[in-house]
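Taking it in order: structure first as structure tokens, then the write-up.
The values are calculated or read from the model by the stated rules, or taken from the named source; none is laboratory data. Since we're looking at a predicted model, the values are computed, not measured. Using ideal geometry, Cβ is built from the backbone for each residue, glycine included, and neighbour counts are taken over all protein chains shown. Surface areas here come from the heavy atoms of the whole protein model, side chains and all, with no ligands, DNA or RNA. Shrake-Rupley method; radii C 1.70, N 1.55, O 1.52, S 1.80 Å.
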Amino acid sequence: MFTATTTAAVVEFQRKRGLKPNGLVDERMWDTLRQLSPLTPERCEIQPLRPGDVGEAVFQLQMVLRSHYSNVIVNGYFDARIAKLVRHFQSKCGLDSTGIVNIETWRSLFSYILSSGDSGKKVRDLQTRLREHGYTLLVNGIFSEETTIAVMDFQQKHGLPVDGLVGLMTWVVLIEATPLPVHFAHLAEICKAYMQPNQVKAQGYLSNHVPASS
């Protein structure tokens with residue numbers, strides 16, 4: 001469902017990426033999203049990254065870290081803050097907390113991220129969580145364009161980086177955020193509109209499925 005919030009998320013993304021902020025998900029928008037999707041470890045530079053390094057590989061590292069931690073500045077410079085986040089992540093994953101990003105660290109960083117084009121059980125779990133938050137998605141295990149838009153909309157609503165990538169931060173919020181409650185008053189009004197005997201059936205359904213306090 002492409003709501004006003006979804007449009008706001010798209011506009012924010014476009015503005016930050018230098019695109020025309022028109023809220024339209026056109027081919028240029030998708031091209032930009034695909035370029036932001038994390039590289040695989042095999043496509044990253046094999047040499048380790050360490051504090052003081054600069055360049056495209058560091059930029060990519062920061063993009064991946066931003067899916068796991070808040071307030072990561074993506075500037076292509078491996079500073080002390082990035083080193084601290086790397087050490088924290090390594091510690092959580094049972095790796096040596098060196099702050100140096102070797103191939104094992106790359107693989108662990110990527111293993112916790114879902115993005116457009118992915119498929120499988122983790123994607124089905126993601127779609128199930130999104131449905132719990134009111135998004136009308138097929139739970140088919142395919143990270144489609146519809147899933148990407150739903151993720152961006154969810155990120156916008158919860159103050160997360162709007163990039164369509166599902167890392168640890170987005171997972172945590174998906175699990176911990178309270179889904180929107182059903183509008184019971186609206187259901188009651190619908191029941192009133194039913195003619196007998198359907199009205200009795202509808203009211204009976206509400207009585208059996210809605211808490212008395214509501």
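Assorted remarks:
- The residues listed here are Gly164, Gly99, Gly94; of these, the one that is at pLDDT 90 or above, within 21 Å of Glu56 (Cβ to Cβ) and in a loop (DSSP other than H, G, I, E, B) is Gly99.
- Residue within the stretch 117-128 that is touching a Leu at 6+ places or on another chain (Cβ under 7 Å) and closer than 19 Å to Val10 by Cα present: no
- The stretch 99-125, residues that are hydroxyl-bearing (Ser, Thr, Tyr) and touching a residue at least 12 places away in the same chain (Cβ under 8 Å): Thr105, Ser108, Tyr112, Ser115, Ser116, Ser119
- Residues of the stretch 126-150 that are surrounded by fewer than 20 Cβ atoms within 10 Å (Cβ to Cβ) and without any contact (Cβ under 8 Å) to a residue 40 or more places away in the chain: Thr128, Arg131, Leu137, Leu138, Val139, Asn140, Gly141, Ile142, Ser144, Glu146.
- Selection count where residues are assigned to a loop (DSSP other than H, G, I, E, B), at pLDDT below 70 and open to solvent by 50 Å² or more (accessible area, probe 1.4 Å), scope the stretch 18-46: 3
- Out of Gly52, Gly134, one residue alone is of a type in the set (Gly, Ala, Ser), more than 29 Å from Thr178 (Cβ to Cβ) and not in a helix (DSSP H, G or I). It is Gly52.
- Counting the residues of the stretch 113-131 that are farther than 23 Å from Tyr77 by Cα and part of a loop (DSSP other than H, G, I, E, B) gives 5.
- Test result for Ser91, touching a strand residue (DSSP E or B) at 6+ places or on another chain (Cβ under 9 Å), among the polar types (S, T, N, Q) and loosely packed, with under 15 Cβ neighbours inside 10 Å: no
- Checking Thr98, Thr105 one by one, the residue that is closer than 21 Å to Ile73 by Cβ and either surrounded by 14 or more Cβ atoms within 10 Å (Cβ to Cβ) or under 14 Å from the mean Cα position of the chain (by Cα) (or both) is Thr105 and no other.
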